[in-house]
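What follows is a set of notes on a single structure, which appears directly below.
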Amino acid sequence: MPITLEDVRASAQRLKGVAVRTPVLQVDGPQRAPARQLFIKCENLQRAGAFKFRGAYNRLAQLTEAERAAGIVAFSSGNHAQGVALAARLLNIAATIVMPADASRMKLEETKAFGADVVLYDRATQSREAIAASLARERGGATLVPPYDDYLVMAGQGTAALELVEAIPDLDALLVPVGGGGLLAGTAVAAKGVRPDLRIYGVEPAGANDWALSWAAAEPVSVDAPETIADGLRTTSPGELTWPIVRALAEGILTVSDGEIRHAMRFLLERVKVVAEPSGAVGVAAALSSKLSVHASKIGIIISGGNVDLDRLCALLSDNENVL
């Protein structure tokens, strides 16, 4: 593996006293599987509201002095943007973030509030990667900080799973949201490093099922115009660097419908008193809908984030169409 358990542990030391060691909440399983216990890792309570801060800080903290002086450029639909912006502020690094014009209002405002320069683009007609690369050149060779296809970012993301398996060492399975694959890759390295027998599954929306299609084909597959309420998981293909790690270490990919995601968000709010954004709730959606067919009485789940506009949250929870 290009990253190891020791890389994740080194990242954990780097993040000590900077990132929040988020709580793990124990929740009784759904009525259809009452013997199951869910252990929910609440990265919605992380700084900047999502796990992304871990990878962003781990990456930026290892820049050279010359690289810090040149600044950084990142691209993101929201959570990576906020994580990078906050990490850059803490490390006194100038940050430029490329974000879609239709990104969450809260994510846009928070990214700006952390001090980043935000450049908007049209995700239907423009390439965020091309815009970011151009900005990096224009700004004197600034360092590009991708949201998932970076080994230092992956190692930082893996610290959330490391904390989870340390807190609950006898988990049977672990459910992880997957978009680009940075969290899943880091999780697989960390969790398998501690518990080689632990079964790890990525979870994605059925309307953005690039990972499920890729898994079935045994090679990366692209999808056009993914449609889902889980805006942070609208990737079109697995990451070039994340794919081989996930393929080697994970058990498979599960998909959930938007209705199942809404149901999970409502369950978390009503039963667990936790606010999760749609992307963050997919693991819980898989557990509640019994998508995990293997025997597992103790299931770990990472809620990847809680950054959702209040108006949108209310609209999602009040929309009964296709909700269980």
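If you scan the range 150-191, which residues turn out to be part of a loop (DSSP other than H, G, I, E, B) and over 17 Å from Leu63 (Cβ atoms)?
Ile168, Pro169, Asp170, Leu171, Asp172, Val178, Gly179, Gly180, Gly181
Take Leu108 and tell me if it is out of contact with any Gly (no Cβ under 8 Å at 6 or more places or on another chain), outside the structural domain of Leu198 (by TED's automatic domain parsing) and among the hydrophobic types (A, V, I, L, M, F, W, C).
Against the criterion (out of contact with any Gly (no Cβ under 8 Å at 6 or more places or on another chain), outside the structural domain of Leu198 (by TED's automatic domain parsing) and among the hydrophobic types (A, V, I, L, M, F, W, C)), Leu108 does not qualify.
Name the single residue, out of those in the range 268-288 being surrounded by fewer than 22 Cβ atoms within 10 Å (Cβ to Cβ) and in contact (Cβ under 8 Å) with a residue 24 or more places away in the chain, that is nearest to Thr228 (Cα to Cα).
Within the range 268-288, the match that is nearest to Thr228 (Cα to Cα) is Val275.
Look through Met106, Met99 and report the one residue that is at negative phi, modelled with pLDDT under 95, assigned to a helix (DSSP H, G or I) and out of contact with any Phe, Trp or Tyr (no Cβ under 6 Å at 6 or more places or on another chain).
Met106
Per-residue answers, yes or no, for (1) in a strand (DSSP E or B); (2) outside the structural domain of Ala191 (by TED's automatic domain parsing); (3) at pLDDT below 95; (4) surrounded by fewer than 24 Cβ atoms within 10 Å (Cβ to Cβ):
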| residue | (1), (2), (3), (4) |
| --- | --- |
| Arg9 | no, no, no, yes |
| Arg32 | no, no, yes, yes |
| Val73 | yes, yes, no, no |
| Gln82 | no, yes, no, no |
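Could you tell me which of the residues Val20, Val84 is β-branched (Val, Ile, Thr) and touching a residue at least 60 places away in the same chain (Cβ under 8 Å)?
None of the others qualify; the one that does is Val84.
Can you run down the residue pairs with Cβ atoms below 9 Å, 6 or more apart or on separate chains, where the first is in the range 311-324 and surrounded by 15 or more Cβ atoms within 10 Å (Cβ to Cβ) and modelled with pLDDT of 90 or more and the partner is of a type in the set (A, V, I, L, M) and not in a loop (DSSP other than H, G, I, E, B)?
Listed pairs, sorted by first residue: Arg312/Met106; Leu313/Met265; Leu313/Leu269; Leu316/Ile261; Leu316/Met265; Leu317/Met265; Leu317/Leu269.
Which ones in the range 237-262 are in a helix (DSSP H, G or I) and either free of Cβ contacts under 8 Å to residues at least 12 places away in the same chain or within 15 Å of Ala206 (Cα to Cα) (or both)?
Scanning the range 237-262 gives Pro244, Asp258, Gly259, Glu260, Ile261, Arg262.
Out of the range 47-71, which residues are free of Cβ contacts under 8 Å to residues at least 60 places away in the same chain and crowded, with 18+ Cβ neighbours inside 10 Å?
Arg47, Phe53, Ala61
The values are calculated or read from the model by the stated rules, or taken from the named source; none is laboratory data. Treat the numbers as computed from the prediction; the structure is a model and nothing was measured. Using ideal geometry, Cβ is built from the backbone for each residue, glycine included, and neighbour counts are taken over all protein chains shown.
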